[in-house]
Amino acid sequence: MPDRTNKDQKGPDHLFSGEHIQSIKDQYQDWFNNSLRDADRETEGKYFTHSGIPIKLIHTPADIEGMNYVEDLGFSGQAPYLRGVYPNMYRGRLFTVRQLAGLGAPEDCNERVCYLLDHGATGVSILFDMPTIRGYNSDDPEAEGNVGQCGAAVDSIWDIDAYFKDIDLGKVSSSIVTHLPSTSLVIPAMYFAVAEQRKTPLTQVAGTCQNDFIMETCIGSGYEILPPAVSFRMQCDVVEWICNNVPRWNPISYNGYNLREAGTDAVAEVGIAIANAIATAEELIKRGLKFDDFAPRLSFFWDLHNDFFEEIAKCRASRKVWYKIAKERFGAQQPKSMLMRYHVQTAGVTLPATEPLNNIARSAIQGLAAVLGGGQSLHIDSFDEAYSAPTEEAALVSLRTQQIIQAETGVCSTVDPLAGSYYVEYLTDQMVKRIFDYVEKIEGLGGLVQVVESGWLHREIANYNNKYQQKIENGETKMVGVNFMRADKAKTAPIRVFEYPETYSRQKAKLDRLRKERNDRQVQESLDLLRKKCHTTENLFPYCLEAVKKLATLGEIEELFREEFGLWAFPLL
Amino acid sequence: MKLKVIDELVERSLNGDKLSIARLISMVEGADEYAPYVMEKIFPHSGKAYYIGVTGPPGVGKSTTVDRLIATLCKNQYSVGVIAVDPSSPFSGGALLGDRIRMHVQHDKMDVFMRSMSSGRVMGGLARTTKEASRILDACGKQVIIIETVGVGQSELDIAEATDTVVVILTPESGDSIQIMKAGLMEIADIFVINKADRPGAEDIFLSIQGMLGRTLLKRDWDPLIFLTSAANNQGIEALYEGIWSHYRYLQQNSKLEERRKRQLSQELRSQIENEFAQILWKDVLKKKDLCRIVDDLWQRRADPQNMARKIVEELLADFGQSGRLRKGS
Amino acid sequence: MDRKIKVVIAKLGLDIHWRGVYLVAQYLKEAGMDVVYLGNKFPAEIVEAAIEEDADVVGLSSLSGNHLSLGPIVVDMLREKGLHNVQVFMGGVMPPEHAKRLEKEFGIQKVYLPDTPMEEIISGISTAVKNARLTGPVSYEIKSD
């Protein structure tokens, strides 16, 4: 951190000279004492951002004294990358308009995906149904009642093939939201196998998979969670193999979003993700890779919450924190290793069920903040978030919101437009400091895997939720229409809700056919080999790839993992 | 009239009807006025089951271990009853009972009845309620009864101890031997389990416990066994299972089981008498005595607590003596 | 002595979300109820637990779309087993029309959507149980024939 008490502020790089700052401070004091009423003065010290950073009634250059433009802010596309990861930012490449799709049977999803691509989306996202996310086949008893709800059902390589029918895998960027490392070993493998079948070289295939062990062990609670150390190993296996074989693929998206939605503030959101990135880097370096080999492919996923300026500051700060860690801790040589690229999604947890049309306004404001923060790709939540997966109409509104921001508002015409705002720079600086402190705290407690195993992180989340819920119950945190300005009889515009098409029987029929058509002996052999390799330190990805090519199903492979590694008990409740 | 209904409930329970069994347990839990009648009917049928107490500090994996034991017992054709006890909030009296999360019972294949219980604000205490509930399960045909408690307080330890075999579960992190001794766990355990034994420190705590057992001044006939398990991975469960039965076989020799149970019944009788007495006495005291004035006397040092208490009891007993019988409070 | 209200809470099927159900369980406990938390369970196990625990209320959490597929099954199974007085409540994410259907057609006592204040949930459950105990056979007060 730059020394902010540097009184020798005569050099040309400092924004304001020492005398100037002193004069501002004096006049501020004057203003504070004489222009304000007592009542106003008493409000000082009572306003905070969501994560607890103090907010003053007025912010002045004195709040960022000592800031050195070149060192601390710089230019976009240059260290410390605070203003943006690419020199030209949105003038060069607009943020990817990536709207989530995926419900029901893969064949249905294909229709929605083609629809979005036709209407201008530039990336494809695939969300999965609960059985797929948790690693069950559509006809497993555990999948009952959940097949095709909230996402696409994927059991085998046939389903990935159907989902991406008529889509050139060499030309789209696909975000495969697998969540868990244990399924990130399998479903991306299916995707790559399909690409191979279609003669698309893996060097052309682009996309992301989520692959975050925090998702597996903290964010969802369920019966079949694998132990954190195992999940972390799988996470690194995926990153390692993909870095070596699929150069345009981001093998991990450190998921701040779901952690935030589960219950943390902005500082912890970024802190945990970065702690995970650090742990991954250390593991991969132990495996013999160089930081520059894999760092360019690490990506992040942020939540865009309500506190407008804090969220923007968080985005800017996260870039600087990553740069410093990459450069100073890991000795990165290549610029690409020091850039933090992230996808951002507006916060679902802020969108209530009451008066859903209000959520269009909420998401639009959050979307604007996301763009002002400088993200690489954006998803805007739909107004029916609290009811179900979005209808076509709601999805279109979200898509149009992004396009309006891009094409009509002019905010993309210049890089990092809020730079220089005394308030935003003060917040950014605070965020950087707090994030570093948080990361240090985790290291002090033994590292991220350790704080997960011990239940520390779960307790943090539970405590946050308790506090936040109390604030909602007592009205301190306001939700318009819900606990603030609540209408007696809230008039809701009738919204059409997505009707999930029947998926179970179609998937079951497919699975029956698959089991008949595949060579059972080959499947068994590939699974036996995978089973053996679980207890070595070898990378598991290539063995999963072989198995899916032989038409092993997702459920079979995940069951194998559970048997070999045992289950881990969620520490809370 | 009510008695007839209860009789029917009891009969259905003895025939294995789960709904009826559950209702009977609720009656004893809630200190229903007919609870003594229920126990009167039930008690003669109890005493057949084998009782296993499982206790230990929070977070060691008791529920997971119990789940595995249940599975093993059912595989060997035993019917199982489980009472899982959790502390309740001292402020609200409510409780969050989470032992069933780790339980996975296939009800079509396994004969299991599980009930969660909280310490609540039950008069006469948790120990009595747990005993009564487990006796109901016993009477209604469960062959093995597992009572699971969180070993954080004396009453929880007492409950675990009032069984035939006490299993104390620890993990490598419980390694502070002083704490183990202080917690009273050394005295009551027939079997020690070191769970999560794949973690570092398992060997150390194993040796530590062995050492403590060797040094203990208690004369024990039975040398507590120590097992290493990893319940989440299903490791060590078979050995633990065999170990538990070996303690059972030990109890079968030389009427040890009878001795142990008689001792427990005697303790139970004693504490029940004390409870009953205390309840009645206290109701009378509250009715008759102006406690505020008495406490003021103590505060002003006009009397001391011990002698004052003796005086009050003597006066009350004299009253009872005159009336010839103990009055039940209204 | 009035028996404490006994609530059995489960996440339906494979639902992974735990924040809401965790908070509701805490608040109900603070309101003096005994809350048996089952974690992820399917209807058969939920009903078995309701029987064994002699529950007054079964609470189901669903944020992953399985409310219509699995929720009604729980109600049916409870009634089949003779538990006519157990109230079933649901919480989670679903369209208001589905919530209405669950309440009117499928026997769910009440569905609480995401913004419901905790007070409302607590009083809703308390009132429903009080009424049920007045009108139906209760473990604690046996109604004679």
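Just so it is clear, none of the values below were taken in a lab; they were calculated from the coordinates. Note that this is a predicted model, so its numbers are computed, not measured. As a convention, Cβ positions derive from the backbone with ideal geometry for all residues, glycine included, and neighbour counts pool all protein chains shown.
Structure data summary
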{"quantity": "Antiparallel DSSP beta bridges within the protein assembly as shown, as percent of all bridges there, nearest 5", "calculated": "5"}
{"quantity": "Computed lengthening from A:Trp31 to A:Lys489, 0.36 nm per intervening residue step minus Cα-Cα distance", "calculated": "160.3 nm"}
{"quantity": "Acute angle (nearest 10 degrees) that the helix A:308-324 long axis makes with the longest principal axis of chain A, alpha-carbon atoms", "calculated": "70"}
{"quantity": "Global geometry of segment A:10-73, whether rounded, prolate or oblate, following the gyration tensor of its Cα atoms and the 1.5 cut on a/c", "calculated": "oblate"}
{"quantity": "Loop sites in segment B:78-129: chymotrypsin sites (Phe, Trp or Tyr not before Pro), DSSP, at most 12 other Cβ within 10 Å", "calculated": "B:Phe91"}
{"quantity": "Separation of the B:Phe91 and A:Tyr422 label points, Cα + 7 Å toward Cβ, nm", "calculated": "4.2"}
{"quantity": "Distance (nanometres) between label positions extended 7 Å along Cα→Cβ at B:Asp221 and C:Glu30", "calculated": "5.2"}
{"quantity": "Averaged over B:11-21, number of beta-carbon atoms from partner chains that fall within 10 Å", "calculated": "2"}
{"quantity": "FRET efficiency estimate (nearest 0.05) - Cβ-Cβ, B:Ala239 to B:Phe277, R0 41 angstrom", "calculated": "0.35"}
{"quantity": "Rounded FRET efficiency, nearest 0.05, which uses the C-beta distance separating C:Glu120 from B:Lys289 and R0 of 41 Å", "calculated": "0.35"}
{"quantity": "For segment C:6-135: rounded, prolate or oblate by the Cα gyration tensor [a/c cutoff 1.5]", "calculated": "rounded"}
{"quantity": "Span from the segment A:510-538 Cα centroid across to the segment A:197-227 one, whole angstrom", "calculated": "19"}
{"quantity": "Stretchable slack from A:Asp40 to A:Lys533, in nm (0.36 nm times residue separation minus alpha-carbon distance)", "calculated": "170.8 nm"}
{"quantity": "Ascending count of other beta-carbon atoms within 10 Å, so fewest first, for A:His535, A:His305, A:His379, A:His20", "calculated": "A:His535, A:His20, A:His305, A:His379"}
{"quantity": "In degrees, nearest ten, helix A:187-197 long axis to first principal axis of chain A (Cα)", "calculated": "60"}
{"quantity": "Sparse-neighbourhood loop sites, trypsin sites (Lys or Arg not before Pro) in segment C:1-109 - DSSP loop, at most 16 other Cβ within 10 angstrom", "calculated": "C:Lys81"}
{"quantity": "Candidate aspartates and glutamates for bridging to A:Lys25, where Cα separation is under 13 Å - those fewer than 8 sequence places away on the same chain excluded", "calculated": "A:Asp63, A:Glu65"}
{"quantity": "Point-charge dipole on Cβ atoms (K/R +1, D/E -1) for the protein assembly as shown, about Cα centre, debye to 20", "calculated": "920"}
{"quantity": "For C:114-123, mean number of other protein chain Cβ atoms within 10 Å", "calculated": "3"}
{"quantity": "Most to least packed among A:274-283, B:234-243 [average Cβ atoms within 10 Å]", "calculated": "A:274-283, B:234-243"}
{"quantity": "Set of lysines with alpha-carbon distance to A:Lys549 below 30 Å, sequence-local pairs under 8 removed", "calculated": "A:Lys165, A:Lys171, A:Lys199, A:Lys508, A:Lys510, A:Lys516, A:Lys532, A:Lys533"}
{"quantity": "Paramagnetic reach from A:Leu357 (point 7 Å along Cα→Cβ, amide N under 19 Å) across segment A:391-417", "calculated": "A:391-401"}
{"quantity": "Antiparallel %, DSSP beta bridges [both residues in chain A], to 5", "calculated": "5"}
{"quantity": "Cα gyration tensor shape for segment C:1-71, rounded if a/c is under 1.5, else prolate or oblate", "calculated": "oblate"}
{"quantity": "Neighbouring partner chain Cβ atoms per residue of C:40-50, average, 10 Å criterion", "calculated": "4"}
{"quantity": "Surrounding net charge for C:Leu63, when Lys and Arg each add one and Asp and Glu each subtract one, Cβ distance under 15 Å", "calculated": "-4"}
{"quantity": "Chymotrypsin sites (Phe, Trp or Tyr not before Pro) restricted to segment A:27-132 and DSSP loop, no more than 11 other C-beta within 10 Å", "calculated": "A:Tyr47"}
{"quantity": "Ordering of B:264-272, A:289-297 by burial proxy (mean other Cβ atoms within 10 Å per residue, highest first)", "calculated": "A:289-297, B:264-272"}
{"quantity": "Tilt relative to chain C, helix C:118-135 - C-alpha long axis, 0 to 90 degrees, to 10", "calculated": "40"}
{"quantity": "Ranked packing of A:537-550, B:287-300, A:502-515, A:405-418, most packed first, by mean Cβ within 10 Å", "calculated": "A:537-550, A:502-515, A:405-418, B:287-300"}
{"quantity": "Cα-centre dipole for segment C:6-135 with unit charges at Cβ (Lys and Arg positive, Asp and Glu negative), debye to 20", "calculated": "160"}
